[in-house]
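Shown next, in structure tokens, is the structure this report addresses.
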Amino acid sequence: MKAATVHELKDELQQLPVKQLVELCLRLSKFKKENKELLTYLLFEAHDLPAYITMVKQQMDEAFEALNTSQIFLAKKTIRKTLRIANKHIRFTGSKLAEVELLIHFCTLLQEAGINFRKSTAMDNLYHSQLKKVNAALKTMHEDEQYDYKREVEKLSR
């Protein structure tokens, strides 16, 4: 089965009655956990982005607190998992501000984790790719917002 394009789906959804749209959304939420999480964000949390960013940062903090620093392999797994969590929430928000804040927070946590991630090429590359993403997102933001974040990124780049 070939999936329809977004444009085709949009046209078809606009023709449906409200009751049928609700049923489709509920049915969609039953199939994937991520669909349910996205729907939860859109319905209950999208109106307060700063609070949502704070909640995601707390999840990231908890993940880094559970970081096993005795073995680098286990630490890498936890770090990648935390980054997946951050990226999922960045996709949910669709906001450059959220992307910048969450990725800066991730890089800060990685630096403060107490592991020498620079010895591992993979972890060092992961860290620098997140800084590149932050810089790319910063370029699309307003100049006033960029200033504070650029200083934070410069601290992380050292």
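Quick one: net charge around Leu74, please, counting Lys, Arg +1 and Asp, Glu -1 for every other residue with C-beta under 12 Å from its C-beta.
With Lys, Arg at +1 and Asp, Glu at -1, the net is +4.
Each Lys and Arg adds +1 at its Cβ and each Asp and Glu adds -1 at its Cβ; summed about the Cα centre, the chain shows a dipole of about 820 debye. Picking from Thr54, Ser120, Val153, whose Cα lies most toward the positive end of the charge dipole for the chain (charges on Cβ: Lys, Arg +1; Asp, Glu -1)? Value computed over the given set: Ser120. At a Cα cut-off below 27 Å, give the lysines reachable from Lys19, other chains included and same-chain residues fewer than 8 away excluded. Partners found: Lys2, Lys10, Lys30, Lys32, Lys33, Lys36. Dividing the summed helix terms, -39500 (n - 2.57) for each DSSP H run of n ≥ 4, by the number of residues in the chain produces a 222 nm estimate of -25000 deg cm²/dmol to the nearest 500.
For the stretch 6-48, the dipole from Cβ point charges (+1 on Lys and Arg, -1 on Asp and Glu) about the Cα centre works out to 260 debye, to the nearest 20. Against the chain, whose longest principal axis comes from its Cα atoms, helix 49-65 is set at around 50 degrees. Helix 18-31 axis versus longest C-alpha principal axis of the chain: approximately 40°, rounded to the nearest ten. With a Cα-only, solvent-free Debye model of the chain, what are the log10 I(q)/I(0) values at q = 0.20 Å⁻¹? Log10 I(q)/I(0), no solvent term: -1.25.
Structure remark: mean-square fluctuation, Gaussian network model of the chain, C-alpha springs under 10 Å; the largest value among Phe92, Phe73, Phe117 belongs to Phe73. Mind pulling the angle between the C-alpha long axis of helix 96-112 and the longest principal axis of the chain? Nearest 10 degrees, somewhere in 0 to 90. Once rounded, one gets 30 degrees. Placing unit charges on each Cβ (+1 for Lys and Arg, -1 for Asp and Glu) gives the chain a dipole about its Cα centre, and among Leu83, Leu16, Val100 the Cα reaching farthest toward its positive end belongs to Leu83.
No lab work stands behind these numbers, since they all come straight from the coordinates. Model, not experiment: these values are computed from the prediction. Every residue, glycine as well, gets a Cβ built from its backbone with ideal geometry; the counts of neighbours run over all protein chains shown.
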